[in-house]
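Notes for the one structure printed next.
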Amino acid sequence: MRRIAALSLFVVALAAALFAETHLSGDIKTAAIDSTGNPYIVDQDIVVPAGKKVTIKEGCIFLFKGFTGLNVSGQINVAGSAKHPVVFTSVNDGDYNPKSDQLPNPFDWNGMLIAKESGGALLEDFSLRYSVYGVKSQTANVSIRGGVFRQNGQFHFTINEKIQYVQDNIAYSYTATPGEPERAGTTVAGEGSAKPSQQQSKKSEKGRVIFRYTSLGVGVVGIAAGSLMLLPWSDAKKQIDMPDSVFGMKHPANADTLWRQYTASVNGWGAGSIISYFLGLLGLIGFGVSFAF
C-alpha cells in the first residue's frame with residue numbers, strides 16, 4: 001500500500017513538473033532566472049529596470065504573447081550554452097509549447113529592446129524567433145555570441161536603427177572591435193565589429209526588406225484597383241445584358257452607339273481588373289516569399 005501511495009505521489013509530482021509554467025509581466029525582480037520555472041509565459045512586457053542587472057541562465061524558455069516583449073533599461077546577461085540555449089519565442093511556437101493550437105508566424109511578439117540608457121547587454125547562445133524586430137539596440141554597448149535568429153518580421157538585429165546583416169537560422173556573433181574597452185560588465189560593440197563579409201552584405205539585407213514591402217504595396221494596390229474596376233464593369237455589364245427590345249426602348253436615339261460603348265467598357269474594365277488582380281497576387285506572393293530567404 002505504501003509503495004502504491006509513493007508511486008502515486010511520484011506520478012503527481014512528475015506531472016506537475018511536466019506541465020509547470022511561470023507567468024511574467026512588468027519589472028523582473030530577481031537577479032537571475034533559471035530553467036526551473038520553464039516555460040516562462042510572458043503575459044505583458046517584461047522589463048529590466050535601470051540600475052538593475054539580470055542574468056538569464058542556460059536552458060530558459062520564454063514564450064511571449066502578442067504585443068509583448070523584453071525591454072532592457074538596465075543590464076542583461078543571457079548566459080545560454082551550446083547544449084542548452086536560452087529561447088525567446090512566440091507562445092504559438094509548437095517546438096517549445098506543446099499546448100499551442102496555432103502556427104507561429106513573424107510579428108507574433110515585439111522582440112528585445114535595449115534602451116539607449118541601458119548599462120549594456122551580453123547575449124550568448126540563444127535563439128530568438130517569430131518577433132517583429134528581433135534585437136533592437138539603441139546603444140552600441142551590446143555583444144552577441146552564438147545567437148540564432150529565425151523568421152523575425154522586420155529585422156533580426158539593429159544597432160541605432162542600422163540593420164546588421166544576419167542570416168536566418170545560422171549562428172551569429174557580434175563582438176567588439178579589437179582594442180576597445182569594456183564597460184558596465186559587457187563588451188562595447190562598435191559598428192566596425194562586424195566582419196567584412198557581413199558589412200558587404202548589409203545592402204543585401206536592405207534590398208530584401210525593400211523587396212518585401214514593395215511587394216506588399218503592389219499586392220495591396222493591385223487588389224484594391226482590381227476591386228474598384230469591378231464597379232464600372234458591373235454597371236456596363238448590366239446594360240448589355242438587357243434584352244435588345246428593352247435596351248432600344250431605354251436608348252431610342254443612340255442605342256447602337258451606346259451598345260458599342262458599354263461593350264468596350266465591359267471588355268476594358270474587365271481586362272484591367274484581371275490584370276490588377278494578377279499583379280496584386282504576384283505582389284502578395286513576393287511578400288510571403290521574402291520571409292523564406
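Report the FRET efficiency, 1/(1 + (r/R0)^6), for His84 and Leu281, where r is their Cβ-Cβ distance and R0 is 45 Å, rounded to 0.05. Intermediate results must be reported in sequence, preceding the final value.
Numbers: r = 44 Å, r/R0 = 0.98.
Rounded to the nearest 0.05, the efficiency is 0.55.
Take each of the peptides 95-103, 221-229, average the number of other beta-carbon atoms within 10 Å over its residues, and list them starting from the highest.
Numbers: 95-103: 12.7, 221-229: 16.1.
Ranking the peptides 95-103, 221-229 by packing returns 221-229, 95-103.
With Cβ to Cβ distances under 13 Å as the rule, what net charge do the other residues near Leu230 carry (K, R +1; D, E -1)? Mind showing how you got there, number by number?
Numbers: positive: Lys237, Lys238; negative: Asp235.
Net of charged neighbours comes to +1.
Could you sort the peptides 209-219, 27-37, 111-121 by per-residue average Cβ neighbour count (10 Å cutoff), highest mean leading? Numbers along the way, then the final one.
On the way: 209-219: 15.5, 27-37: 13.9, 111-121: 20.8.
In decreasing order of mean packing, 209-219, 27-37, 111-121 become 111-121, 209-219, 27-37.
How many nm is it between the label spots at Asn267 and Val221, if each spot is 7 Å from the Cα in line with the beta carbon?
Inter-label distance under the simple model: 2.8 nm.
Of Lys57/Lys162; Lys83/Lys162; Lys53/Lys116; Lys65/Lys99, which ones are farther than 19 Å apart at the Cα? Don't skip to the answer; put the middle values down first.
On the way: Lys57/Lys162 29 Å; Lys83/Lys162 31 Å; Lys53/Lys116 15 Å; Lys65/Lys99 13 Å.
Correct reply: Lys57/Lys162; Lys83/Lys162.
Please turn the phi angles of segment 92-103 into ³J(HN,Hα) values with the Karplus equation 6.51 cos²θ - 1.76 cosθ + 1.60 (θ = phi - 60°), one per residue in order, whole Hz, x for glycine and proline.
8, 6, x, 5, 10, 10, x, 7, 5, 10, 10, 7
In nm, give the distance between the simple-model label positions of Asp43 and Arg260, each being 7 Å from the Cα along the Cα-to-Cβ direction.
According to this spin-label approximation, the distance is 7.4 nm.
Calculate, for Glu21 and Lys53, the FRET efficiency according to 1/(1 + (r/R0)^6) with r their C-beta to C-beta distance and R0 22 Å; round to the nearest 0.05. Provide the component values of the computation, followed by the final result.
Working: r = 25 Å, r/R0 = 1.15.
So, using R0 = 22 Å, E works out to roughly 0.30.
None of the figures in this text is laboratory data; all of them are computed from the coordinates on show. None of the values given here were measured: they were computed from a predicted structure. Ideal geometry is used to build each Cβ from the backbone, glycine not excepted, and the neighbour counts take in all protein chains shown.
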